[in-house]
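The structure appears below as structure tokens.
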Amino acid sequence: MGKGENFKGMLLYNGSRDNNGEVIYPEFSKDDIRKLLDAGVNEFIILDGGLLYNYYIDDKGEYHQIVTLEDVDKLPPEITEISRTPGWHEKFQEGYRNRIKDTGKGRNLNDHVRREVELAKRLVEVDKDIHIWLSFPGVILHCMADMFYNAYKEYVFELSKKSLPAEIWEHNIRGFYFSTEDIVNDFTVFYHERNEYNSDFNNPIVKLIKGLSELVHADNKKMLWIPYYRLDRWAETGKRMGYIANRTDFFDYIVIQPSYFFSKNTKANINVIEESVKRQEVVDFYGDPFGGEKISKTIIGAEMEIAEDSSCSVSTRKDEEERYLAYVNAFKQFSGKYPIIYYASYRDSVMSPKIYNYIKDMFGE
């Protein structure tokens, strides 16, 4: 595959679903993979539920925390970009402490890699030429994101490479998906005035992205991101994503989440994302590109969102099916030309007859 214009992707949820690593997603079988290939999927992105990882296991079998309670204690009040009421910083620190306390050793980077490697090998057993993406776990401690770089370098990227046969790494692994879905506008600064090419905008999440991008690209692999858009008070999130897409080459592919399937209040996202893919630059709700003229080579695509689980059902809820079909009307034109990636929840949802047939209809010639 060339630049990825024919990118027809599927998110494969794998591994732990809770902060203790105790609840595991159902596995995709070899037969599932064959069916998805038959449906037209040609890029498989392995990821988990995006919860916090804060442990890794060293070569001696000892557990280490990435961010400690002491690190949180040292956070300066100016870490947030918006002035707060008295006592806010202390409450903010307490929230971070609780996240760290809630994360058990059972959810560690080594297990994340082990499960991704197991699924990657299973995929290759089905098709020796299959395209696979591994993932960097999501970072919930946003204002401390850059502190995760060393652990992600050694215990995700390098451990993945060491754990896979060289042939699979070279031939099948296309790159890494960055699981954090936004450059969150609470708790982190973002100096968009620093509009020079490949700026980190003095943002801790972007600093992590930049470091990982350099690491991945040095190994001739690619970077993928699937951020969400926002129109409401979170519109700042869309702006930050737009600057990354238009002004940096940290990501080779940015595939935008519309969110409309899950919220009827985000219908306007459909038109904006359609326009962004057509123009191959992320635009705002007035049609203007963020940061001015796009100077990056990043390829822009759209995410398809659908689910058949406890929270959503295209089989029993007509309004959800109608919102999904709005995606088809807007994004079908891009299938085979620009990246399209499916979020369809966990394995049982993906492989349910109605969703499987929708995927097949979308990706079919």
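The values are calculated or read from the model by the stated rules, or taken from the named source; none is laboratory data. Source: prediction; values computed, not measured. Heads up, the Cβs are rebuilt from the backbone with ideal geometry, glycines too, and the neighbour counts pull from every protein chain shown.
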Can you tell me which of (1) within 21 Å of the chain's Cα centre (by Cα); (2) farther than 22 Å from PHE7 by Cβ is the one VAL272 doesn't meet? (2)
I'm trying to understand the selection: among the residues of the range 187-213, which are surrounded by fewer than 16 Cβ atoms within 10 Å (Cβ to Cβ) and closer than 15 Å to VAL156 by Cα? none
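Being assigned to a loop (DSSP other than H, G, I, E, B), within 22 Å of PRO137 (Cα to Cα), at pLDDT 95 or above and not charged (D, E, K, R) is true for just one of PHE44, PHE28. Which residue is that? Lay out the reasoning, then the answer.
Details: PHE44 fails: assigned to a loop (DSSP other than H, G, I, E, B).
Every option except PHE28 fails the conditions.
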Looking only at the range 169-186, which residues are of a type in the set (A, V, I, L, M, F, W, C) and surrounded by 19 or more Cβ atoms within 10 Å (Cβ to Cβ)? ILE173, PHE176, PHE178, ILE183, VAL184
What are the residue pairs meeting all of these: first residue in the range 260-281, first residue touching a residue at least 24 places away in the same chain (Cβ under 8 Å), second residue part of a helix (DSSP H, G or I) and β-branched (Val, Ile, Thr), Cβ atoms under 6 Å, and 6 or more apart or on different chains? TYR260/THR266; TYR260/ILE270
Can you pull out every residue in the range 214-259 that is at pLDDT below 95, on the phi < 0 side of the Ramachandran plot and of a type in the set (S, T, N, Q)? THR237
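Give the residue, chosen from ILE244, ILE205, ILE295, that is in contact (Cβ under 8 Å) with a residue 12 or more places away in the chain, farther than 23 Å from LEU12 by Cβ, aliphatic (A, V, I, L, M) and part of a loop (DSSP other than H, G, I, E, B).
Details: ILE244 fails: part of a loop (DSSP other than H, G, I, E, B); ILE205 fails: part of a loop (DSSP other than H, G, I, E, B).
Matching residue, one of ILE244, ILE205, ILE295: ILE295.
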Across the range 279-292, which residue is nearest to THR266 (Cα to Cα) among those that are at pLDDT 95 or above and part of a loop (DSSP other than H, G, I, E, B)? VAL282
Residue among VAL139, VAL72, VAL113 that is more than 26 Å from ILE226 (Cβ to Cβ), surrounded by 15 or more Cβ atoms within 10 Å (Cβ to Cβ), touching a residue at least 24 places away in the same chain (Cβ under 8 Å) and out of contact with any Pro (no Cβ under 8 Å at 6 or more places or on another chain): VAL72
The condition of being more than 20 Å from GLU293 (Cβ to Cβ), of a type outside the set (Lys, Arg) and either assigned to a loop (DSSP other than H, G, I, E, B) or out of contact with any Lys or Arg (no Cβ under 8 Å at 6 or more places or on another chain) (or both) holds, among ASN185, ASN195, only for ASN185
What tally of residues in the range 37-65 results from selecting those that are of a type in the set (Val, Ile, Thr) and surrounded by fewer than 17 Cβ atoms within 10 Å (Cβ to Cβ)? 1
Quick one: PHE190 ticks every box in (1) farther than 30 Å from ALA120 by Cα; (2) of a type in the set (A, V, I, L, M, F, W, C); (3) modelled with pLDDT of 90 or more bar one, so which box is it? (3)
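In contact with a strand residue (DSSP E or B) (Cβ under 9 Å, 6 or more places away or on another chain), of a type in the set (A, V, I, L, M) and modelled with pLDDT of 90 or more, is that true of VAL113? Spell out the reasoning first.
Values: in contact with a strand residue (DSSP E or B) (Cβ under 9 Å, 6 or more places away or on another chain): yes; of a type in the set (A, V, I, L, M): yes; modelled with pLDDT of 90 or more: yes.
So VAL113 fits the description; yes.
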Count of the range 208-237 residues which are of a type in the set (Val, Ile, Thr), under 30 Å from ASN172 (Cα atoms) and outside any loop (DSSP other than H, G, I, E, B): 2
Restricting to the range 298-331, count the residues that are basic (Lys, Arg) and either surrounded by 15 or more Cβ atoms within 10 Å (Cβ to Cβ) or part of a strand (DSSP E or B) (or both). 1
Residues that are β-branched (Val, Ile, Thr) and either under 21 Å from ILE341 (Cα atoms) or in a helix (DSSP H, G or I) (or both), drawn from the range 85-142: ILE100, VAL113, VAL117, VAL124, VAL126, ILE130, ILE132
Scan the range 13-32 and report the pairs whose first residue is of a type in the set (D, E, K, R) and whose second residue is buried (at least 21 other Cβ atoms within 10 Å of the Cβ), with Cβ atoms within less than 8 Å and a gap of 6+ or a chain change. ARG17/ASP48; ASP18/ARG107; GLU22/SER16; GLU27/ASN14; ASP32/VAL350
